[in-house]
1. Being more than 30 Å from I2 (Cα to Cα), assigned to a loop (DSSP other than H, G, I, E, B), of a type outside the set (S, T, N, Q) and over 19 Å from the mean Cα position of the chain (by Cα) narrows it down to one residue among G51, G61, G150, G44; which is it?
2. Scan segment 94-122 residue by residue and report those that are polar (S, T, N, Q) and part of a helix (DSSP H, G or I).
3. For residues in segment 130-150 being among the small types (G, A, S) and either surrounded by 14 or more Cβ atoms within 10 Å (Cβ to Cβ) or at pLDDT below 95 (or both), which is farthest from C70 (Cα to Cα)?
4. Report every pair of residues separated by at least 6 positions or lying on different chains whose Cβ atoms are under 6 Å apart, first residue within segment 16-36 and more than 15 Å from L214 (Cβ to Cβ), second of a type in the set (S, T, Y).
5. Can you tell me how many residues within segment 153-192 are of a type outside the set (G, A, S) and without any contact (Cβ under 8 Å) to a residue 12 or more places away in the chain?
6. Of all residues in segment 160-189 being more than 20 Å from S108 (Cβ to Cβ) and among the aliphatic types (A, V, I, L, M), which is surrounded by the most Cβ atoms within 10 Å (Cβ to Cβ)?
7. Are any of the residues in segment 77-93 among the basic types (K, R), part of a helix (DSSP H, G or I) and surrounded by fewer than 19 Cβ atoms within 10 Å (Cβ to Cβ)?
8. Which pairs have Cβ atoms under 9 Å, sit 6 or more apart or on different chains, and link a residue in segment 194-214 that is closer than 21 Å to C12 by Cα to one that is polar (S, T, N, Q)?
Amino acid sequence: MITIDYFSDVLCVWAYGGQIRLDELQKEYGEHIQVRYRFMGLFGDTRTRIGDGWQDGGFEGFGRHMQEVCRQWQHTHLHPDVWTRCRPLSCTTAHAFLKAAALCLDPSGSQDDREKGRILGQLIDVTRIAFFERAQDISKLSVLLGLLDGTSLGADAVVAKIENGEAYAALHADAELMKTYGVLGSPTYVFNEGRQLLYGNVGFRIIESNVRELLSSGPVAGAPSWC
């Protein structure tokens, strides 16, 4: 069994488009890998990052750029209002919501339970789809709580984890781990306790080759790799 720390921002189009690779990895190697979901705040302030920072037309221009990006993926269904009309102010609310959900599923925060990890992964996917495919403003807690309908998670329990600070503490832990591993962007796969990182729009076969190498290297710590 190998552990993968998967860092992403829910507002990142590359994580949205790359979700299919993570799904396939879990389908092919589910019994041999454990994915731990981590969050990073690339879009913590979208007015600055996009509204002021995107030189080619601000939010409107960025929305057009996202449409161009998603045309390369047949599996994506980007809503035309994303960033042009639907403009979440921050990813932080969604990340705190998802961390709160994770803590409700597993108070220890270890994410070691496979079934609970599956439920969390589905909720993360649903959250991304709400924004990218339905143009829902996932910086609003009321929108996020509506995504719990049909799940085993109660809204009151999730809100309690946000209000008492536990969710934000868990987000802080992710930020500290980012520094430790040297994670720079979304999405990033971290293997072998930070010794191997794959960042950005990486093909599935490259990700898979890293997993296969780690699975075949044996249990000896510090064993040499020839790949």
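The values are calculated or read from the model by the stated rules, or taken from the named source; none is laboratory data. What you see is a predicted model; the values in this text were computed from it and never measured. Here the Cβ is made from the backbone with ideal geometry for all residues, glycine too, and neighbour counts use every protein chain on show.
1. That would be G150, the only listed residue that is more than 30 Å from I2 (Cα to Cα), assigned to a loop (DSSP other than H, G, I, E, B), of a type outside the set (S, T, N, Q) and over 19 Å from the mean Cα position of the chain (by Cα).
2. Hit for segment 94-122 is Q122, nothing else.
3. G150
4. Cβ pairs passing all conditions: G17/T76.
5. So the answer is 6.
6. If we take residues in segment 160-189 being more than 20 Å from S108 (Cβ to Cβ) and among the aliphatic types (A, V, I, L, M), then V183 is surrounded by the most Cβ atoms within 10 Å (Cβ to Cβ).
7. No: segment 77-93 contains no residue that is among the basic types (K, R), part of a helix (DSSP H, G or I) and surrounded by fewer than 19 Cβ atoms within 10 Å (Cβ to Cβ).
8. L197/T188; L198/T188; L198/N210; Y199/S186; Y199/T188; G200/S186; G200/T188
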